[in-house]
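Input: a single structure, listed below in structure tokens.
Each reported figure results from applying straightforward, stated rules to the coordinates on display, with no laboratory input. Everything numeric here is computed off the predicted structure, so don't read it as measured data. Every residue, glycine among them, receives a Cβ derived from its backbone with ideal geometry; neighbour counts consider all protein chains shown.
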Ligand SMILES: [Zn+2]
């Protein structure tokens, strides 16, 4: 059962790999994507291969392999940063809404009193 669920996930993740490499995933999608990649060696390998192919075609040199992997690591780090910034953004918007609502309630209370 668990294995089947994983398989379905892998199919979705596999489809998202090109989108991830083209920076087309939203922060929410990227979070799910990276979470799966970190926990699924198969998909991580697939991502690594696709990344190397997509970058390698430009750079062509095999001894750049190390740099390519570093590039993928940097890309994933940048993705986590992006997700974190997104979370901070959501937090601030929630906070602003909270403060605004509180202010409106206070204003109404003062108007009544
Ligand atoms: Zn997977």
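Here is how the numbers come out for the structure above:
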{"item": "Exposure proxy order (Cβ contacts within 10 Å, fewest to most) of 20, 86, 80", "result": "80, 86, 20"}
{"item": "Segment residue 42-residue 80, length gained on full extension (0.36 nm per residue, minus Cα span)", "result": "11.6 nm"}
